[in-house]
1. If R₀ is 30 angstrom, what is the calculated FRET efficiency for the pair Arg41 and Arg160, using the beta carbon separation as r and rounding to 0.05?
2. Could you tell me the relative contact order of the chain? Use alpha-carbon pairs under 8 Å, at least six residues apart, and round to a whole percent.
3. Looking at region 20-106, which trypsin sites (Lys or Arg not before Pro) are in a loop (DSSP not H, G, I, E or B) and have at most 12 other Cβ atoms within 10 Å?
4. Quickly work out the Thr266-to-Leu348 label distance, labels modelled 7 Å from Cα along the C-beta direction, and quote it in nm with one decimal.
5. Out of the total accessible area of the chain (probe 1.4 Å, heavy atoms of protein only), what percent is carbon and sulfur?
6. Could you derive backbone 3J(HN,Hα) for region 142-153 from the dihedral phi with the Karplus parameters 6.51, -1.76 and 1.60 (θ = phi - 60°), listing whole Hz in sequence and x where the residue is Gly or Pro?
7. Per residue, how much accessible surface does region 1-125 expose to a 1.4 Å probe? Answer in Å², no decimals.
8. Report the FRET efficiency, 1/(1 + (r/R0)^6), for Thr225 and Glu142, where r is their Cβ-Cβ distance and R0 is 51 Å, rounded to 0.05.
Amino acid sequence: MNSLTLSVGVIGTGNIFRFAHLPGWTSHPEVEIVAFCDANRASAENIARDYPGTKVFEDYRDMLADPSIDIVGISTPNLYHSEIAIEALRHGKHVFCEKPDAINPIEAQRMADAARESGKLMMTMRNNRFAESAQFIKRLIEQGQLGELYTGRCGWIRRRGIPGRGGWFTTKALSGGGPLIDLGVHMIDMAMWLSGNPKPVTVSGSTYRKFADRPDAFGRVPEGTFDVEDLAAGFIRFDNGASLQIEFSWASHIREEQKFVEWRGTEGGFSLVNDQLRLFTETAGTPIDQQPHFGAKETAQHTANIHHFIACVLGREQPILTPEHGVDMIKILSAIYESAERGREVVL
């Protein structure tokens, strides 16, 4: 390890780490993974074989006690994000965490407070901000080319796509919720970031659980816990007068899976649907549609997010995501669940 290398300890070595986080850490020339930790020790040992000399831990507290580790990467089930992040910050580590930030606003605020008190950087995965199309439309908005953004829509809806049925994804105590907290973090964050991160002031929502006990093609009824929603819909008002409609589902009778963000502005609008961007403006009083083309692979977004975090740790860039953004996000999600339960709008 040279003097410029940052050492990383990973907590949680499952699929999301291998697919989304690992390429980001291993492709950066100034970073070296030195330790793997997982409650399932065999998982950590399995991946450590590909990285000779790395340490293996089963208890994250033992790993956090290692003074040689500069950065902690967290990719555990949602319940443990805040607990581990706070302890890592208190041990003087920088933290990069898989989304969502936490499973409730209290924990999200505790994370933000711990980051401020420690003086260390904490960032949560928001990979969609780093898509070429998102970066492009963000520049247009900041240049004023779309005018005032006043109303929008976002969502991620699936025809069939329940993740890890019967496991931690569908167990509320571990996940905090269903598609709203799983998919909603991505697209609501995108919509808010593109519009300048306005503060949410009221939320109204509904949730549904209609596919949990549905038999599969062979007539088998799924086993395991499924106590979260499979569809959530809602409406958010912001302090600048803008509004946002939302919809997220793991399963519903629709034509096809779709993820989307739309904003309508006084001078133009856009739709970003399944990574395809279209702009809607007018020239000489005539409506004009435009479709820019981009070539980056989806996985590159995760790597770009991690590389941005590293650049911020090294003092070369300013974070485009702050812990306060995470607090606002979890407040919104929590309020949607509360609104669905109470049957009325929630004031934040």
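1. 0.35
2. With pairs under 8 Å counted, the relative contact order is 20 percent.
3. Arg49
4. 2.4
5. Whole-percent figure for carbon plus sulfur exposure: 48.
6. Working through the residues one at a time gives 5, 7, x, 6, 9, x, 7, 7, 10, 8, x, 9 Hz.
7. Ligands and nucleic acids excluded, the figure is 42 Å² per residue.
8. Computed FRET efficiency for Thr225 and Glu142 comes out at 0.70.
The values are calculated or read from the model by the stated rules, or taken from the named source; none is laboratory data. Quantities reported herein were computed from a predicted structural model and do not represent experimental measurements. Positions of Cβ are generated from backbone atoms using ideal geometry, with glycine treated the same way; all protein chains shown enter the neighbour counts. We work out accessible area using only protein heavy atoms, side chains counted, and drop any ligands, DNA or RNA first. Shrake-Rupley method; radii C 1.70, N 1.55, O 1.52, S 1.80 Å.
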